Amino acid sequence: MGEIHRIDESNGHPTTELPGDTPTLRLFALLEMIASKDQLFTLQGLVEETGMAKPTLHRMLQQLEGAGLLTRQNNGRHYGTGVRLRRFAENLLLNDTHHGARHAILRNLVAELGESCNVTTLSGSEVVYLDRVETSEPLRFTLHAGSRVPAHCSASGKMILSQLSPAQRRRLLGRMPLERYTNKTVTDVELIETELKQVRRDGYAIDDEEFLPGLVCAAVLVPCATGNSNLCIAVQAPVMRLTPDKALKLLPALRRAADAIGEIENEVTDDGSPDLN
């Protein structure tokens, strides 16, 4: 992603038409356009972006805000995505048609590594577990699909955040509740920024007992064909079985699994629609 610019800073760029034969479809097209941009927007900015009449867009925004799909931010003039829209996106990922194939890859990875593994995504300031397979080891940290962990002290969260520009990261971190969970949790924004730059260079992230005492985690990105990825695959284990140094030896297996999941997620037919076969 590039630097953040509000939609009202369009600088004379061509307008974006909202397709749809019905008011409902045009509302959906507006949401689709908003969701594709990592930025705040104003009514006037949308008028310039779409070329639509201000009263029409104002009515559409009111409908979406009333439904909890959008929310006003800052001075009340700027809009952002609402909780309901984010939950909708999370549910799509949790229950998509590729879940079975993704789960099989995760199960095979756990069989190879002998430790619990999960697929995650970033939602706001939290990492959401989309899928998870537990190890058969009697000593383990048991979590489940749908669980949420803080982004600033989780391997997956740091991995996804590392892709963003410094301005985007500062904006996100400035809004996150940077709570200290263990004596290893980093809550200083400058120190987090330094680590994220290193994570980006390395291509992996480690959670060294930063969220839960005794828990070590390593994560890598699932490749995305269209740009930045919002999916990670990670391995977790108690520190007596998995140290940060040992975690580095598991990276090749993690990356193979990430590539396999990436192929599933990016699979499309010739006409560009998802291949459901």
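The values are calculated or read from the model by the stated rules, or taken from the named source; none is laboratory data. Computed from a predicted structure; not experimentally measured. Here the Cβ is made from the backbone with ideal geometry for all residues, glycine too, and neighbour counts use every protein chain on show. Accessible surface is based on the protein model in full, side chains and every heavy atom, while ligands, DNA and RNA are left aside. Shrake-Rupley method; radii C 1.70, N 1.55, O 1.52, S 1.80 Å.
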Do we have Thr24 as at pLDDT below 75 and of a type outside the set (Gly, Ala, Ser) here?
no
Condition set over 18 Å from Arg171 (Cβ atoms) and among the small types (Gly, Ala, Ser), scope the stretch 146-158, selection most open to solvent (accessible area, probe 1.4 Å): answer is Gly146
When the stretch 162-176 is checked residue by residue, the ones that are in contact with a helix residue (DSSP H, G or I) (Cβ under 9 Å, 6 or more places away or on another chain) and either in contact (Cβ under 8 Å) with a residue 24 or more places away in the chain or more than 25 Å from Gln73 (Cβ to Cβ) (or both) are Ser162, Gln163, Leu164, Pro166, Gln168, Arg169, Leu172, Met176
If you go through the stretch 253-268 one residue at a time, do you hit one that is open to solvent by 30 Å² or more (accessible area, probe 1.4 Å), at pLDDT below 95 and in a loop (DSSP other than H, G, I, E, B)?
yes
Contacts under 9 angstrom Cβ, first residue in the stretch 199-215 being in the same structural domain as Ser156 (by the TED database), partner open to solvent by 30 Å² or more (accessible area, probe 1.4 Å) and of a type in the set (Asp, Glu), 6 or more apart
Ala205/Glu195; Leu215/Glu209
Considering only residues of the stretch 88-145 that are open to solvent by 30 Å² or more (accessible area, probe 1.4 Å) and among the polar types (S, T, N, Q), which is modelled with the highest pLDDT?
Asn108
Within the stretch 165-182, does at least one residue satisfy the condition of being under 20 Å from Asn118 (Cα atoms) and not aliphatic (A, V, I, L, M)?
no
Breaking point among (1) at positive phi; (2) loosely packed, with under 14 Cβ neighbours inside 10 Å, for Glu209
(2)
Would you confirm whether any residue within the stretch 221-230 is open to solvent by less than 40 Å² (accessible area, probe 1.4 Å) and in the same structural domain as Thr121 (by the TED database)?
yes
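The rows are residues; the columns are (1) open to solvent by 30 Å² or more (accessible area, probe 1.4 Å); (2) under 29 Å from Thr135 (Cβ atoms); (3) part of a strand (DSSP E or B); (4) not aliphatic (A, V, I, L, M).
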{"position": "Leu172", "(1), (2), (3), (4)": "yes, no, no, no"}
{"position": "Lys184", "(1), (2), (3), (4)": "yes, yes, no, yes"}
{"position": "Thr187", "(1), (2), (3), (4)": "yes, no, no, yes"}
{"position": "Glu195", "(1), (2), (3), (4)": "yes, yes, no, yes"}
{"position": "Ala247", "(1), (2), (3), (4)": "no, yes, no, no"}
Scope the stretch 197-217; condition part of a helix (DSSP H, G or I) and not acidic (Asp, Glu); matching residues
Lys197, Gln198, Val199, Arg200, Arg201
